[in-house]
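Student: Have a look at the structure that comes next, please.
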Amino acid sequence: MFSCYQPISNDEPIVAKKELRDDDWLDLLRLAYTGRKKTFKHYSDSYLSTNGQTYWSDTSQLTAYLPNYALKIRELIGGE
């Protein structure tokens, strides 16, 4: 996955309407264990749908924090 950010005018409104929610990230993690091709397709489609959005470049670092995600994944797919 390659992303490219370009500077915009200071007058351009900052509008970021599409983003993955915590449940979306958890589903991606589940899919990573059960279907990697589907995971990539799901994530790439989601990411491509954000094309043209404007937002501060540093906010891309503020993705979901999922405490105990491994426990949740085990509950969803089984295992120890």
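Student: Can you tell me which residue is farthest from residue 70 (Cα to Cα) among those in the range 1-32 that are in contact with a helix residue (DSSP H, G or I) (Cβ under 8 Å, 6 or more places away or on another chain), of a type outside the set (A, V, I, L, M) and at pLDDT below 90?
Tutor: 5
Student: Any chance you could count how many residues in the range 36-54 are among the β-branched types (Val, Ile, Thr) and either touching a strand residue (DSSP E or B) at 6+ places or on another chain (Cβ under 7 Å) or within 28 Å of residue 8 (Cβ to Cβ) (or both)? Full working, then the answer.
Tutor: Of all residues in the range 36-54, those among the β-branched types (Val, Ile, Thr) come to 39, 50, 54.
From what is left, the residues that are either touching a strand residue (DSSP E or B) at 6+ places or on another chain (Cβ under 7 Å) or within 28 Å of residue 8 (Cβ to Cβ) (or both) are 50, 54.
Residues flagged as among the β-branched types (Val, Ile, Thr) and either touching a strand residue (DSSP E or B) at 6+ places or on another chain (Cβ under 7 Å) or within 28 Å of residue 8 (Cβ to Cβ) (or both) within the range 36-54 amount to 2.
Student: Out of everything in the range 62-80 that is exposed (fewer than 13 other Cβ atoms within 10 Å of the Cβ) and either under 11 Å from the mean Cα position of the chain (by Cα) or of a type in the set (Asp, Glu) (or both), what residue ends up being farthest from residue 14 (Cα to Cα)?
Tutor: Looking at residues that are exposed (fewer than 13 other Cβ atoms within 10 Å of the Cβ) and either under 11 Å from the mean Cα position of the chain (by Cα) or of a type in the set (Asp, Glu) (or both), I get 80.
Student: Determine if the range 50-68 includes at least one residue that is among the acidic types (Asp, Glu) and modelled with pLDDT of 85 or more. Show your work before the answer.
Tutor: Pass one, the range 50-68, residues among the acidic types (Asp, Glu): 58.
Next cut, modelled with pLDDT of 85 or more only: none.
No: the range 50-68 contains no residue that is among the acidic types (Asp, Glu) and modelled with pLDDT of 85 or more.
Student: All but one of (1) among the hydroxyl-bearing types (Ser, Thr, Tyr); (2) within 30 Å of residue 70 (Cβ to Cβ); (3) over 11 Å from the mean Cα position of the chain (by Cα) hold for residue 44; which doesn't?
Tutor: All conditions pass for residue 44, except number (3).
Student: Only residues that are more than 19 Å from residue 77 (Cα to Cα), exposed (fewer than 10 other Cβ atoms within 10 Å of the Cβ) and not acidic (Asp, Glu): list them for the range 16-55, please.
Tutor: The initial filter retains those residues of the range 16-55 that are more than 19 Å from residue 77 (Cα to Cα), namely 16-21, 41, 43-55.
Narrowing further to those that are exposed (fewer than 10 other Cβ atoms within 10 Å of the Cβ): 17, 21, 45, 48, 51-52.
Of everything in the range 16-55, those that are more than 19 Å from residue 77 (Cα to Cα), exposed (fewer than 10 other Cβ atoms within 10 Å of the Cβ) and not acidic (Asp, Glu) turn out to be 17, 21, 48, 51, 52.
The values are calculated or read from the model by the stated rules, or taken from the named source; none is laboratory data. What you see is a predicted model; the values in this text were computed from it and never measured. Please note: Cβ atoms are built from the backbone with ideal geometry, for glycine as well, and neighbour counts cover all protein chains shown.
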